[in-house]
Each structure stands twice: as structure tokens, then as C-alpha cells.
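Bear in mind these aren't lab numbers, they're just calculated from the coordinates by the rules spelled out. On a predicted model such as this, the values are computed, not experimentally measured, just so you know. Note that we place each Cβ from the backbone using ideal geometry, even for glycine, and neighbour counts take in every protein chain shown.
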Ligand SMILES: Nc1nc2c(ncn2[C@@H]2O[C@H](COP(=O)(O)OP(=O)(O)OP(=O)(O)O)[C@@H](O)[C@H]2O)c(=O)[nH]1
Ligand SMILES: [Mg+2]
């Protein structure tokens, strides 16, 4: 239905704010979930959103109607007739109106809208009291809110063209209501005042309905049609053409001219325009004009009502495409996933090497001094895995990224995961994703499955980087240093004993008198030194070896913890975070759809 068609229009009000927020919610749901939602439903929803965005704009609860046209056509006179009071100045001097004036119907606050429109002069129409005929200089039942300027305007009596407000022209005569109507009396469009034209053009950009007011002299003016009417045709707003001052014409001429004007408008490209003949002197056509404005107001509200229903329909249609709730990824059991990834990363192999490495190092520091050289034959277990360069560093992945680690340390020599380990990872991943997306419609579960980063080799690569980036060694234990000193002392004591014996043997060889050898009890001191040095040294070595086993177990636990954390980071990066992103998108989509339909 055209909003300016005559007839009854009863509608419930849907505020522009409500419509706007529902539209936003539906469009947000499309942004977050269009790929997973039903494609047909998505297409419908897109069309509804587009329509609602185009339709609502910023005008809020109001329908903005502008009276525009050439100077002297009677815009201000029509404005006063519609408002029912001498608000706008009507003058003999052309052009008269230089700044727009607004007439407001209804209680809804239009100040924001009028500020946006840049209209300072405002007049609230009192719809409670039926407007009485207004005599010049005596405004009727109306209230003016504009203070100074407006008061001035009202104080000036209209000299000519008394508003025709009598004859049942109050709102009571209108089917429907004018509440929400914002009527603007604009400056002329064609005078020598460029400012007027600019101001009229600026406001015309923003209105919902144009009423082109023209008169018998100017209705066919080619320049007006070229410059003004064709400008109207470029806008989506509803256009209504008024041939004012019809009292100057015979009834036949009125008919001919309105038909003529209709044709001209079609030629201008304003195909939908309705032409109405009016006179502010006789009141002809004013009730019709008012009725059409009432219909425009109702049509505006009706269109919002319809758009709201469309949005709810589209959102409800899409709603089965999302679940009722979504899992929290952080709470989904992940032990199996982490364990399978740890195996794939070769963590058990690395831990064995760590323990062996500890024992080997411990032996190098705490073993019997004269047996230590044997360690040179034992291969370094971490070096064999090319993990020896991580030792003693802080966990590298904390400070530099994986690519740097790789550049610095190369690839490890941990054996590649076996086929069964790889399939265990796959199984655990699927299990995890299934658990995380339980209860979601298939496309979302599929999206979660697809989100997991399974790129050829990237997971294995990241696991390897994580292991390389993990510090596998720790500070040497203090007891190693203590035992080391002891071992050196014992070794040197034993050596000194031997040297002593060598000296004594030298004396005997040269048949020199043997120097006195001190003794401990019945045993000579050098013998005691050798025996104690060797036996205690070996004993301490054996004891240390046993203690190193305990230490190695502890080191293994510490490193296992670090590796678990590193592997968990890989799981987060490749599996948990991508899945969580899908779930978050699902949540957003669900909430937006609920808000749009709620
Ligand atoms: N005969 C007749 N004269 C009218 C009618 N409407 C307005 N006039 C007269 O036409 C002249 C111009 O009226 P305005 O209402 O000031 O015209 P406007 O379009 O607001 O002019 P600007 O403000 O200059 O753009 C005045 O002298 C009015 O009395 C009408 O219906 N019939
Ligand atoms: Mg005027």
C-alpha cells in the first residue's frame, strides 16, 4: 500500500529503536553464522535485513514530511493550514521563508531528530483541542516551543492567505492519527537566494515524504522540473505533488492542470507521485492532504510492524540451525588428547634420555676419580636425539617463537611417530571435538572438526618444536659439587700414598737408609692413605650412583611436567583454540538470533 493512499490504516507501533536493534541482531547472526545456517533461510534473512536498513534510517518514530517548492507557491500558507495556527510567516516579499520551520504532532520527543535535521524553529501542534478558525495575528490552539525567533514569527500577523483550518480540518477529521508527523516548511528552491536552495536541498536529503508545492503559474516551469523535480526522483522518499492556489482556476482548468502536472512528473521520472489540487483560501484539498499525511504516518508505522514480523520470522526460521547451549572447551576432558600428543611428540623417549643424561652427568661429577675416564665412551643420550642444546636454558618457547627455535636448533632426531601413534592422535582429536560440539547441529560440529589444524605435518612439526623449545636440563645439584670435592680429596690422598710408596721404593733401590714411616696402629700411613683413598672413593662412587638414580627420577618428573605443558600448548594452538572459536561463533549466532526473534 502506498503510504499516501487514502483510506484507513490501523497499526500497532513498533519503535524505530526496537526495529533497529532487531535488525542489527539479525545481521550480526548472519555475520557470525551464515556459513553454518540453512542457506535458504540465510538468503531470506539477508533480504529482510537489507529492507529494514533501507526503510528505517534515522527518523525514529517520526515521519518527516517536507513542504518544498518554488517561492510564493504557498508552502508556508499550507503549513499554517495543516498546523492550524499562524506559525510560518506568509509575506508579500519574495522569498519569505529563509529557515525551515517544523510542526510536530504527538507526544514523542522529536528534538534529536530535529537537531539532526538542523531545524531550530519548532511548533508543537495541540491535537487535543480541535483547531478553531485562526484570525490573522491570533494564533489558534497551539503551542510554540522555539522561544524568540518563533515567537517573533507568530507575532507577525499573516497578511494574505489566511490558513483554511475550518471545516473539520482538525485531526479528528482524519482517519488514523497524525501522531509522529514532523511537517517542515522549507525555504524556496528557486529564488536568487542560493542559501535557501542549499538549505532546502540539505533537508530534502533527510525526509521521508516530499510534498512538492507548486501553483498554476509555475507548475510547468522547465527549470523547476529540471533542477528540482528530477532531484526528487533520485530519492526513495515518497513524493506528493500539490497544485496550490487552485481557487485561482476554474474547476475544468484545475482538472486539466492536475493531469498535465501528473504527466510532467512521470516525464521527470517521479512515477509514483499523486497530484492534489489545494487552496489555502477556500480550504479545498486540505483535508485530503491531511489524510494522505496521516496515511504516510500510519504507513511508516505499519511498515515497521511488518519489518518486525519479517525479522522475527527470519530469525525463527534460522533458530533450529543452532543448538541451545555450547560446551566450554576448557572443561572438556583432554587427558587422552594430551597423552596421545605426548606419545606422538616422543615424550617417553625424551624422558628416558633425560634420566640417562642425568645419571651420566652425575657419574662425571661424583664417580670415583680413577673410573671417570670411562664416561668418555658412553654416548650422550640427549645429543643423540639432538636435544642437548636445550640444556640449562630457560624454556625457550616462552621467549622466542617456534620458527626461531627451529632456526636455532634445527630438527630433533626423535624418531617419527608410528602409524598407530598418529591414528591414536587422530582418534583422540575426533573424540575431543565430538565432546566439545555435543548437542550442536551437524554443520557446526563439522565446522569444529574442520577448524582443527591438521595441515600435513604441521602438528608433528609443532610438537617437535615444542620439545626442542623445552628446557630438558636443570642446574647441577649441589651434592654433585660436594661429592666431587670429596672424590678429588680421596683420589689425591690415594695418589699421595702411592707416591709415598714409590719414594720408599726408590730409597730401597738406591740402598739408602729408609726414612722413618709413620704408622696408624700397625699399618703404615701410606698404606692407610691408599686403602682409604681407594675404598672410600669407590664406596662414595657407588653410593652416589644409587643417589643419582633417585635424582634422575626426580629430574624426569620435573622435565615431564615441562614437556606436558609444552605439548598442551600445541594442543591448545592446533585444536582447542580453533574449536573454541567455532563454539564462540555458535554462541554469538544463537544469542543474536534469540535477540532478533525475542
Ligand atoms: N489565491 C491564493 N493565494 C495563496 C494561496 N496560498 C498562498 N497564497 C498566497 O501566496 C503568497 C505566498 O504564500 P507563502 O505561503 O508565503 O508562499 P511560500 O511558498 O511559503 O513562499 P516562500 O516562503 O517565499 O518560499 C501569499 O501572498 C499567500 O497569501 C492559495 O491557495 N490561494
Ligand atoms: Mg514560505
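Relative contact order, whole percent, for the stretch 224-344 stands at 22, derived from Cα pairs under 8 Å and 6 or more residues apart. Between residue 271 and residue 573, the distance separating the two model label sites (each 7 Å from Cα on the Cα→Cβ line) works out to 6.0 nm.
Between residue 335 and residue 352, residue separation times 0.36 nm minus the direct Cα-Cα distance comes to 4.0 nm.
The Cα center of the stretch 550-598 and the Cα center of the stretch 478-502 differ in position by 54 Å. Remark: 62, 225 ranked as 225, 62, counting other beta-carbon atoms within 10 Å and listing the fewest first. Extension gain for residue 538 to residue 120 (0.36 nm times residue separation, less C-alpha to C-alpha distance): 140.1 nm.
Using 0.36 nm per residue and subtracting the Cα-Cα separation, the extra length available between residue 312 and residue 495 on full extension is 56.2 nm. From the square roots a ≥ b ≥ c of the eigenvalues of the alpha-carbon gyration tensor of the stretch 409-557, which class results: rounded (a/c under 1.5), prolate (a/b over b/c), or oblate? Because a/c hits 1.5 or more and a/b exceeds b/c, the stretch 409-557 counts as prolate.
Peptides 89-101, 495-507, 280-292, ordered by how many other C-beta atoms sit within 10 Å of their residues on average, highest first, read 280-292, 89-101, 495-507.
Of 427, 19, 387, the sequence from fewest to most neighbouring Cβ atoms within 10 angstrom is 427, 19, 387.
Considering only alpha-carbon pairs that sit under 8 angstrom and 6 or more positions apart, the relative contact order computed for the stretch 435-591 is 43 percent. In this rough spin-label picture, where each label sits 7 Å from Cα along the Cβ direction, the residue 94-residue 198 distance is 2.3 nm. Counting other Cβ atoms within 10 Å as a rough exposure proxy, the listed residues 105, 373 run 373, 105 from fewest neighbours to most. For residue 324 and residue 422, a Förster radius of 45 Å and the Cβ-Cβ distance give a FRET efficiency of 0.80, rounded to the nearest 0.05.
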